[in-house]
1. For the range 183-197, which positions are more than 23 Å from the chain's Cα centre (by Cα) and either in a loop (DSSP other than H, G, I, E, B) or without any contact (Cβ under 8 Å) to a residue 12 or more places away in the chain (or both)?
2. Considering only residues of the range 217-248 that are of a type in the set (D, E, K, R) and open to solvent by less than 70 Å² (accessible area, probe 1.4 Å), which is farthest from the ligand (Cβ to nearest atom)?
3. How many residues, within the range 424-446, are assigned to a loop (DSSP other than H, G, I, E, B), within 16 Å of the ligand (Cβ to nearest atom) and under 19 Å from G11 (Cβ atoms)?
4. Would you check if there is a residue in the range 388-407 being farther than 22 Å from Y127 by Cβ and within 15 Å of the ligand (Cβ to nearest atom)?
5. Filter the range 157-177 for residues that are open to solvent by less than 20 Å² (accessible area, probe 1.4 Å), more than 11 Å from the ligand (Cβ to nearest atom) and under 16 Å from H200 (Cβ atoms) and give the result.
6. Y451 - would you say it is within 16 Å of the ligand (Cβ to nearest atom), among the aromatic types (F, W, Y) and either under 28 Å from Y127 (Cα atoms) or at pLDDT below 95 (or both)?
7. Counting residues that are without any contact (Cβ under 8 Å) to a residue 12 or more places away in the chain, which helices (runs of 4 or more DSSP H) fully inside the range 32-125 reach at least 1?
Amino acid sequence: MKAFPEAFLWGGATAANQIEGGWQSDNKGISTSDVQPNGVMGKMEERIPGKENLKDTAIDFYHRYPDDIALFAEMGFTCLRVSIAWTRIFPSGDEREANESGLAFYDRLFDELAAANIQPLVTLSHYEMPYDLVKRYGGWGSRKVIEHFEHYAKTVFTRYQHKVKLWLTFNEINMSLHAPYTGVGLPEQSEKADIYQAIHHQLVASARAVAACHEIIPDARIGNMLLGGLVYPLSCHPGDILQAMQENRSWLFFGDVQARGSYPGYMLRFFREHNIQIDMTDQDQKDLSHTVDFISFSYYLTGCVSHDETINNKIQGNILNMLPNPHLESSEWGWQIDPTGLRILLNELWDRYQKPLFIVENGLGAKDRVDANGKIHDDYRIHYLNDHLVQVREAIEDGVDILGYTSWGPIDLVSASHAQMSKRYGYIYVDRDDDGHGSLSRIRKDSFYWYAEVIRTRGLSLQQLK
Ligand code: BG6
């Protein structure tokens, strides 16, 4: 068994709205996440004065980040994925002047990371946008939002140009098809045509951010971020194979635009056949030619599709509407566990784009139990991560260029789809429950020591699958 390459980045991934808390600290504005108390698939609810949401405090990373970073450093992290809350920088999203106290927070955070020798990988927009942009402009349905996003992106590139060299534009940009409010700030029942138009605006904004990043920080690299929802045919029936190809294209198209610079033919056909006319200017087309430097993605599960519409026994809890794979087991939340799928996806993406890849999310959401001695024996998590990392190494052996691996939620945080604390991903336990009770103290789980060893040995401590 070989060690992972020396330059391979190891770490964890987080999002501002799931860890920071401090939802109104230092002039922060209200984001869409602040009015979605039940998670990204949940409805938008106006704030009731005095009523707390779990994310208002989250795990209080806003105040505890130095101690948390010290724990990441103890595990040997070389990279931490964080996101900037747009509303800390521009509380309403459309101001010209940035909020200095918001900018200063991320300065302190990046300085702390630098002192710990941990490289930040920064997402510009992770499942939140200023709520005022939704109210005033109708979210990404308006072209105006492209300019506001570009201004925000240029502001943070300029401010952090010496501190951040790895950037991502929009988290899981393809999620807008399943959760339009979360992705593009549109009502859940929106027409397909409106959703694709808003997505188009976001793709243009992403490309403009790429261009701005290249100009302002020439030695930085900027990537896209896809929800890697690999779909298999349920059988070898050619109809199933074709259906799986179409399903995969429904999310790969985002990557095609971001990595190749224009809409693929199959998407133009889809628009024609669904009577969708995208308002696409010549300038938009020029903007789209600014392609990303690398492809990043999240990977949790796979599923199947059939050409037979009567087969619609969906995976429980699965947000992607896929059929269960009879060969795979599921997590407590019904997400089907498929380490081999990660190797397949890495190879597919590499073959398709020939650009470096970055696995920026992967992990097992599970309920943990603190035993009488205050320990958490999370062997299930260790198995999951071990088996996936073994497949990452296989992909490297296959010749795939992989920049790094940041597992999701290295410290327990508020889950996105259900806004729960009980769905835990961390190597570090946080004492807080779904009702917001708990001391917020941190405990190292068994997986903490396991991951530290994996990083220290550059993967030589991983156990090969039987
Ligand atoms: C990804 C998101 O979809 O999956 C994260 O980018 C999210 O924000 C993660 O937390 C895991 O999903 P969940 O619902 O288990 O938190």
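1. Q189, S190, E191
2. My answer is D240.
3. Here the count works out to 3.
4. Yes - at least one qualifying residue is present in the range 388-407.
5. T169, S176
6. Considered against the rule, which asks whether it is within 16 Å of the ligand (Cβ to nearest atom), among the aromatic types (F, W, Y) and either under 28 Å from Y127 (Cα atoms) or at pLDDT below 95 (or both), Y451 comes out as no.
7. Helices (runs of 4 or more DSSP H) meeting the threshold: 100-115.
For every residue, the table says whether it meets (1) modelled with pLDDT under 95; (2) within 16 Å of the ligand (Cβ to nearest atom).
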{"position": "E6", "(1), (2)": "no, no"}
{"position": "A13", "(1), (2)": "no, yes"}
{"position": "I19", "(1), (2)": "no, yes"}
{"position": "S25", "(1), (2)": "no, no"}
{"position": "G42", "(1), (2)": "yes, yes"}
{"position": "L54", "(1), (2)": "no, yes"}
{"position": "R81", "(1), (2)": "no, yes"}
{"position": "D94", "(1), (2)": "no, no"}
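The values are calculated or read from the model by the stated rules, or taken from the named source; none is laboratory data. Treat the numbers as computed from the prediction; the structure is a model and nothing was measured. FYI the Cβ positions are ideal-geometry reconstructions off the backbone, even for glycines, and counts take in every protein chain you see. With ligands, DNA and RNA removed, areas are computed over all heavy atoms of the protein, side chains included. Shrake-Rupley method; radii C 1.70, N 1.55, O 1.52, S 1.80 Å.
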